[in-house]
Every structure is written in structure tokens, then in C-alpha cells.
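The values are calculated or read from the model by the stated rules, or taken from the named source; none is laboratory data. From a predicted model like this one, the values you see are computed outputs, not experimental measurements. So basically every Cβ, Gly included, is an ideal-geometry build from the backbone, and we count neighbours across all protein chains shown.
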Amino acid sequence: MGEQESSAESSNVGATNIDANETPSVTGHITDAGATLAPAPVAASDQAAGAGDLRPVWPAGRRGKGDRVSRRYALSARIAATLCALLYFYVCWAPLANAITSGDLRIAATGPEYRFSLIAAEFGAPPLVDLFGDSFFIWWSLLTVLGLLLAPLLWQSSIRWLRWVASTLYALWFIAISWTLASTAQLILFTLPTQLHAGAGPYKMTLYPYGTRVAVFALSPAYGLWLALLGAVIGLAVLPLAIQAMRKRRAATVPVTPVAQGEIVTQGDGRSTRSLPGAGAITGGLILWAWGFFLLPWATLNCSKAPLLIGTCQGLQVTSALEVGLNVIRAYFDPSAALYALTGLLVTGALAIVLAVWRRDITRTLCIWASAWLALALGCAGLAISGAQQVVHDSASVGLPSGDWRGDTGVLVVFLALLLVAIGLLPLWAVAVRASQRREAERQSLGA
């Protein structure tokens, strides 16, 4: 009888009579003197659900108001970093200046004939054009989307070192792209107006990436320049927010006497070996999307049959179709983004989604970003279809040869693939929501 009472007291979390070399546990007790593990009696159903070994856990203490404040600062920093990446991406392809120019000087010298909206790439994205020459446009396109590709890594919490690497790369990206936009702004606001007002004649420049040579007679800043300033302010706010989050978290984390010091763990790496619902659909859908989006034509010229498996006819690739489709919003977003930036963002995002899914790191963050990727892919596919239809109806208006243009198989394959991805996302959302609810319940049980 006395032995049973002693066992009951040692398994009670709030017991005060604790042996000097023994620590209470939620599932048994751990001895520091080499004694064997004596788990508390549990029901058979509980044993099946939690079978495994007992390992000690030393909690850092209850997370109270200070930790909640730290989380708010961290959330604000991530939101600010994401908004900065989105705004900078748009600014890089939005008009930064309005110019009155001549026609193409490669054909003939003319007076002021056209009013152009100029983006940073058309100015050479200084100093990138000096560093990389005419190939700078590829590097500039990749730089414009790098912030968006790093942003999801700032939200993930399963791989801590990856988040620190992403934070470092994000800071370097912010410095590089801010420097480029600041150099472009200096050119628009000071260098070129000074030269034009000095009576030195029009300023001759090459409009990248098409190589058009024009003479600029007048120049004025556009709204994109002020959006760039807003993006810089938001980006600069990330650093103090992140510092405050770390300070508050360090101050809120105080080691205390543990109230629970053991958890059941099973053998293995902790990840389920069961098939993950939706993983196959997403993987298959993304592979099918890449095939239809990049390898199949969206329109064909003088082709008697659809080249589904073997391309034998002259076809319109997705970059060209997307570029033509973006012409309808040229005043707000430059179509040249279709060449490398948008397609690079889509294919890199698809690879990241596949890696995260097969790592079985299913969280709401992954599902949110995968859903955002799906929305972007649908939008780009819609614009590419619009461009392909315009080519079919009037190819000469977009500078393509005339002939029997017809829509082709790329359209159908891409939409079937995106439908498959959407179907696969539904069970992943269910898995992520259940996991989030379980973590929240565990946090509340520990007094978080």
C-alpha cells in the first residue's frame, strides 16, 4: 500500500515530496542514478497511441505577454518584408519616367514623335549594364523576383538555419535592388534633365531588351518612382521590427523549474511514412504544367495537325504569347517581364513547392504560398491565351508573319495541369489546418 502511494505521488505533476535524484514526468519518471524506467500504468488504447521511448525535455518556461509581443513584432517584420518584395517586383516593371522620344534611330533620324513610359531596364538598370553588358537584362530579371522567392523562406519555421540564410540573402537582395533603383532615380531626376536643359541636344539611349535606339527630347518622373520610395521605407522598417522581436523574445524566455519533463518519442526521424494525400496530384500537376507551359506551342502557323508529342510546325511559345497578352496593360506593367522574370518566378516556385511537399513539411505557410503560386500561374495562363488569340486573329499587328495561325495544345494541357494542382491542394490544406490546431492545443496545455 505504501509503495502504491509513493508511485502515485511521483507521477503527480504538482507533488512536493520529490526524491533528490528523481524528476517527475507526464508519462513516468526518469532517474539520474541509472535506475530503470518505470512508466505509470496506462490503458491499452493509450499504449497503442503513444508507444515509444521516454526522453527528457527541459522547457524554457511559460511564454506570457512578452512572448506574444515578440510574435507580433516578428509577424510585422515578415509582412513588411513580403510587401517590400511585392512592391519592388512591381516597381521594377512599372513606368519610372515618361519620355518624348524619336523613332528608332537605326531606321532613320526623326524628331520628337512618341511618348514612352520607361522602366528601369530600358535605362540599363545602372550599374548592371556596366557590369554585365547587354546580358544584364537576364540578371536584372532574376534580381527583380529574388525577393519574392526568398519571402516564403522567412515564414517557414521547420528549418531554422534555412530561415537565417534566407534572411541574410534577403538583406543582400534589398541592398542590391535599392542601389539599382536609386541609381536609376538619380538618372531620371538629375542627370538627364540637367543635360537636356543645358542645350546639349537630345539624349540618345538604347531601350533594352529590344535594342531600339532613340533620342530623348524631354523626360519627367512617373508614379513608379514614388512607389519605389515607398518600397524602400517598408524594407527599411524590417530591420528594427526584427531586432525588437529578438529582444522581446530573449527577455520573455526565462528558465524555470519544469512542470513537465518527458515526452513519448517513437523510433525513426519523426516523419510519417504513410502516403501524403495530395502530394501525387500536386507533383503530377506541376510536371504536366511545365510540359504544357514551356514545351508545347500555344499557337501554330500553317500546321495541318496539332503537334502534341512531336513538334513539327512553327509554333508560338508561351513567353511570346504572354508578352503579347501583357500588351493590354503596358501602361502599368511592361511586357518584357514575360521573357525571364515571370517565367523564372513560376518555374522556381513550382520546384520549391515540390521539394516542400515531399519533405512532408505541410504547414499553412506552404499552402498559402502554393495557393498564391496557383493564382499567378492561372493569371499568366489567361494572359498567354489572350496573346495567342490575338496572334491567331491578327498576327501582323504584333509583328509576326501572316498565315494560318491556330490555337494549339499548350492551352489545354496547362489548364488540366493547374486543375490537378488545385485538387491536390485541398487535402494539403486539411492536413495543415489539423496540424496547426494540434500545435495550438499543445501550446495551451503548456501554458503558452
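Assorted remarks:
- Candidates Leu366, Leu383, Leu326 - the one that is within 16 Å of Gly424 (Cβ to Cβ), touching a residue at least 12 places away in the same chain (Cβ under 8 Å) and within 25 Å of the chain's Cα centre (by Cα): Leu366
Table: residues versus (1) of a type outside the set (A, V, I, L, M); (2) assigned to a helix (DSSP H, G or I).
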site	(1), (2)
Ser397	yes, yes
Leu400	no, no
Gly403	yes, no
Val413	no, yes
Leu418	no, yes
Val421	no, yes
Gly424	yes, yes
Pro427	yes, yes
Ala430	no, yes
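- For segment 245-295, the candidate set comprises residues that are over 28 Å from Ile362 (Cβ atoms) and either of a type in the set (Lys, Arg) or buried (at least 17 other Cβ atoms within 10 Å of the Cβ) (or both); within that set, the residue that is modelled with the lowest pLDDT is Gln261.
- Taking every residue in segment 281-300 that is in a strand (DSSP E or B) and pairing it with any residue that is of a type in the set (Lys, Arg), at least 6 positions away or on another chain, the pairs with Cβ-Cβ distances below 7 Å are Ala299/Arg406; Thr300/Arg406.
This table checks each residue for (1) surrounded by 14 or more Cβ atoms within 10 Å (Cβ to Cβ); (2) at pLDDT 90 or above; (3) touching a Cys at 6+ places or on another chain (Cβ under 6 Å).
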position	(1), (2), (3)
Ser183	yes, yes, no
Leu187	yes, yes, no
Leu196	yes, no, no
Lys204	no, no, no
Tyr210	no, no, no
Ala222	yes, yes, no
Ala232	yes, yes, no
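Matching residues to (1) free of Cβ contacts under 8 Å to residues at least 12 places away in the same chain; (2) within 19 Å of Ala352 (Cα to Cα):
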site	(1), (2)
Trp373	no, yes
Ala377	no, yes
Val391	no, no
Pro401	no, no
Gly410	no, no
Pro427	no, yes
Ala435	no, no
Arg439	yes, no
Gln444	yes, no
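- Some residue of segment 144-166 being modelled with pLDDT of 95 or more and farther than 24 Å from Ser76 by Cα: no
- Residue check for Val431: surrounded by 14 or more Cβ atoms within 10 Å (Cβ to Cβ), touching a residue at least 12 places away in the same chain (Cβ under 8 Å) and within 30 Å of Asp361 (Cβ to Cβ): yes
- Every pair of residues 6+ apart whose Cβ atoms lie under 7 Å, when the first sits in segment 124-147 and is in a helix (DSSP H, G or I) while the second is of a type in the set (S, T, N, Q) and surrounded by 15 or more Cβ atoms within 10 Å (Cβ to Cβ): Leu128/Thr180
- Residue ID - farthest from Leu181 (Cα to Cα), chosen from residues in segment 99-123 that are more than 31 Å from the chain's Cα centre (by Cα) and among the polar types (S, T, N, Q): Thr110
- Checklist (1) buried (at least 20 other Cβ atoms within 10 Å of the Cβ); (2) at pLDDT 95 or above applied to Thr101, failing item: (2)
- Residues in segment 80-129 that are of a type in the set (Gly, Ala, Ser) and in contact with a Gly (Cβ under 6 Å, 6 or more places away or on another chain) were compared, and the one that is farthest from Ala218 (Cα to Cα) is Ala85.
- Residue check, Ala200 of a type in the set (Gly, Ala, Ser) and either at pLDDT 95 or above or surrounded by fewer than 19 Cβ atoms within 10 Å (Cβ to Cβ) (or both): yes
- Test result for Ala370, exposed (fewer than 14 other Cβ atoms within 10 Å of the Cβ) and of a type in the set (A, V, I, L, M, F, W, C): no
- Counting only residues that are among the β-branched types (Val, Ile, Thr) and not in a helix (DSSP H, G or I), segment 183-239 holds 4 of them.
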